[in-house]
Amino acid sequence: MAIQLTERAVTRINELKVKRQTPDHFFRIGVRGGGCSGLSYFVDFAEQADPKDKQFQFGEEQKVTVLIDRKSYLFLNGTEVDWKSELMKTGFEFKNPIAGKSCSCGESFSV
């Protein structure tokens, strides 16, 4: 298994890279301790990859390279990342099959 990005997420990442004027940066996804449920997701842009990072390519025309460190990958394997823009919530949404419980905002989880 691996991680998946929806087309909406790929489009939004590319929009953010243009807005930030960093078209060559990588998109980093990770997990760290904290949040309501014990572990929280984070996203960031990275200028370069760490040699130990797992890398995934997404997108048809405008490619997005996602970086995930090895420890985070243990918690993210099989996760789908989507972009939601709704009245009450706008942001990246994680659908993680190994999350046993998650908080109502969807930003943290436990296994």
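Among residues of the stretch 82-106 that are of a type in the set (Phe, Trp, Tyr), those with a beta-carbon under 7 Å from a residue that is assigned to a loop (DSSP other than H, G, I, E, B) and at pLDDT below 90 at least six positions away or on a different chain give the pairs PHE94/GLY106.
Scan the stretch 15-24 for residues that are closer than 25 Å to PRO51 by Cα and surrounded by fewer than 18 Cβ atoms within 10 Å (Cβ to Cβ) and jot them down. LEU16, ARG20, GLN21, THR22, PRO23, ASP24 - these are the residues of the stretch 15-24 that are closer than 25 Å to PRO51 by Cα and surrounded by fewer than 18 Cβ atoms within 10 Å (Cβ to Cβ). Comparison of LEU67, LEU5 shows that the only residue that is at pLDDT 95 or above, under 11 Å from the mean Cα position of the chain (by Cα), buried (at least 18 other Cβ atoms within 10 Å of the Cβ) and under 22 Å from SER85 (Cβ atoms) is LEU5.
Among the residues of the stretch 92-111, just one is among the polar types (S, T, N, Q), farther than 20 Å from ARG28 by Cβ and either modelled with pLDDT of 90 or more or assigned to a loop (DSSP other than H, G, I, E, B) (or both), namely SER104. Residue under question is ARG28, and the condition is that it be closer than 15 Å to LEU76 by Cα, at pLDDT 95 or above and surrounded by 15 or more Cβ atoms within 10 Å (Cβ to Cβ); does it hold? Criteria met by ARG28.
Suppose the filter is modelled with pLDDT under 95 and acidic (Asp, Glu); does GLU15 pass it? Spelling it out, it is not the case that GLU15 is modelled with pLDDT under 95 and acidic (Asp, Glu).
In the stretch 47-62, the residues that are exposed (fewer than 10 other Cβ atoms within 10 Å of the Cβ) form Cβ pairs under 9 Å with partners that are assigned to a loop (DSSP other than H, G, I, E, B), at six or more places apart or across chains, as follows: GLU47/THR22; GLU47/ASP24; GLU47/HIS25; LYS52/ASP69; GLN57/LYS63.
The values are calculated or read from the model by the stated rules, or taken from the named source; none is laboratory data. In this text the structure is predicted, and so the values were computed from the model without any measurement. Virtual Cβ from ideal backbone geometry, glycine too; neighbours counted across all protein chains shown.
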